[in-house]
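Just so it is clear, none of the values below were taken in a lab; they were calculated from the coordinates. Since the structure is predicted, the reported quantities are computational estimates derived from the model, not experimental observations. As a convention, Cβ positions derive from the backbone with ideal geometry for all residues, glycine included, and neighbour counts pool all protein chains shown.
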Amino acid sequence: MQSKLPNIGTSIFTVMSQLAAKHGAINLGQGFPDFPMSPALIECVNQAMKDGGNQYAHSYGVPALRTALAEKIQFLYGTSINPETDITITPGGTYALYTAFTTIIQPGDEVIIFEPAYDSYIPNITINGGVVVPIALEFPNYTIPWDKVKAAITPKTKAILVNSPHNPTGTVMTHADVLQLQEIVVANNLYLISDEVYEHLIYDEKPHASVLKYPELYKRSFIVYSFGKTYHCTGWKLGYCIAPENLSKEFRKVHQFNVFSCDTPKQLGIAKYMSNKEAYLTLGNFYQEKRDYLRALLKDTPLVPISSSGSYFESYSYASISNESDTIFAEKLVTEYGIATIPMSAFYQDGTDHKVIRLCFAKQKETLEAAAACLQKLKN
């Protein structure tokens, strides 16, 4: 059989997680919490099942959940969204991204992405016949080089993909960034796909510059979110896509034949639980404490943090202690030190290697302490 993804192998997350399991290593590689989710949310879902909410949901999502999301968006961003036409519930954020790409890409269309990039982006574009145009964020602060973005626009450019807060670097877009993005998108009649799954995981009192705050940009955008990141339930694989009616209409044409509908009791449970605003309003401080705690634990190691302002992740440079490739260094951390991380080169198409590894701090204190004890064995 001729492969549609001949250059794609097993993801780095699977490779490192398998290696961690083989060696009994602590896994700070893959991004998932190892602490319990809210018992109240679990009870909401249990009650939904007891009440009979166990059959197919509406293809676009349970109406009560879409209404709750529209109310949340109005509360957070002052933006009015029609829950009937603009919100589609999806089986996770990654699925929503794939569906958005499938909706807009025609063979030969170019899509600009920023590297290092979450590993699903490139295969999503490629399998739909698109051409990936990668632009490297400027190391070490991982800022967007807007002059290079403008220079990369061609008659074949169809869309730009942005991710803020950013995985894997933890950077967040500023108001000035979004204004530049809006100028480029509008002037060149492009689409925008905005991955905002970490919208509530922003630190140091920085605001989230959501595309929902920018009406002219929203007109051309698919914005993707994840309940798993917000409510510590990544295994539920539930998210949503917000787009204006004309774009949602096309998105839903693809969606209805891929999954049709998502898990009914979980939608009903989350819809009820969303009245608890504190669950997401306190999330930034909750994770910032974990980021800062891991930093403090590692301050006497030769690892140098590259500041994260959002997401589950912070990157660390090991350049002062080794010239090894980040992949070799990460493998050695598993086999010799008992700690799994992710080499940053895995997020570049060309394997760019700045001697940086990514750590996930979405863990219990005990896990972070045990991981730090492993890394404290590193010597200059």
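For the chain, what is the relative contact order in percent, using Cα pairs closer than 8 Å and at least 6 residues apart in sequence? Mind showing how you got there, number by number?
Working: 718 pairs, mean separation 96.4, N = 380.
After rounding, I find 25 percent.
Pop out the Kirkwood hydrodynamic radius of segment 152-210 from its pairwise C-alpha distances, inverse of mean 1/r, in Å to one decimal. List each step's numbers first, then the result.
Details: mean 1/r = 0.0810 Å⁻¹.
Averaging 1/r across every pair of different Cα atoms and inverting gives 12.3 Å.
Pop the C-beta distance of Glu250 and Asn189 into the FRET formula with R0 = 25 Å and round what comes out to the nearest 0.05. Kindly include the intermediate steps, with their values, before the conclusion.
Values: r = 16 Å, r/R0 = 0.65.
After rounding, the FRET efficiency stands at 0.95.
Rounded to whole Å and ordered largest first, report the semi-axes of the equivalent ellipsoid of segment 39-278 derived from its Cα gyration tensor (root of 5λ). Kindly include the intermediate steps, with their values, before the conclusion.
Details: eigenvalues 182, 78, 50 Å².
That gives 30, 20, 16 Å for the three semi-axes.
Would you calculate the separation in nanometres between label points at His175 and Lys4, each defined as 7 Å from the Cα along the Cα-to-beta-carbon direction?
The modelled label-to-label distance comes out at 4.3 nm.
Label segment 165-291 by shape, choosing from rounded, prolate and oblate, from the square roots a ≥ b ≥ c of the eigenvalues of the Cα gyration tensor; if a/c is under 1.5 it is rounded, and otherwise prolate applies when a/b is larger than b/c, oblate when it is not.
Working: a/c = 2.15, a/b = 1.07, b/c = 2.01.
Oblate, since a/c reaches 1.5 and b/c is not below a/b.
Starting from a Cα-only point model with no solvent, please compute log10 I(q)/I(0) by Debye for segment 188-228 at q = 0.17, 0.23 1/Å.
Each listed q corresponds, in turn, to -0.51, -0.81.
Checking a compactness column here: for segment 1-112, what do you get for Rg(Cα) / (2.2 N^0.38 Å), N being the number of residues?
1.50
How about segment 174-278: which trypsin sites (Lys or Arg not before Pro) there lie in a loop by DSSP and see at most 12 other Cβ atoms within 10 Å?
On the way: sites: Lys213, Lys219, Arg220, Lys229, Lys237, Lys249, Arg252, Lys253, Lys266, Lys272, Lys277; in loops: Lys219, Arg220, Lys237, Lys277.
Of the trypsin sites (Lys or Arg not before Pro), the ones in loops of segment 174-278 whose Cβ has at most 12 other Cβ atoms within 10 Å are Lys277.
Multiply the residue gap between Asp147 and Asp34 by 0.36 nm, knock off their C-alpha separation, and tell me the result in nm, one decimal place.
Details: separation 113, 0.36 × 113 = 40.68 nm, distance 4.08 nm.
Difference between extended and current length: 36.6 nm.
Glu84 versus Thr352, label points 7 Å from Cα toward the beta carbon: distance in nm?
It works out to 4.6 nm between the two label points.
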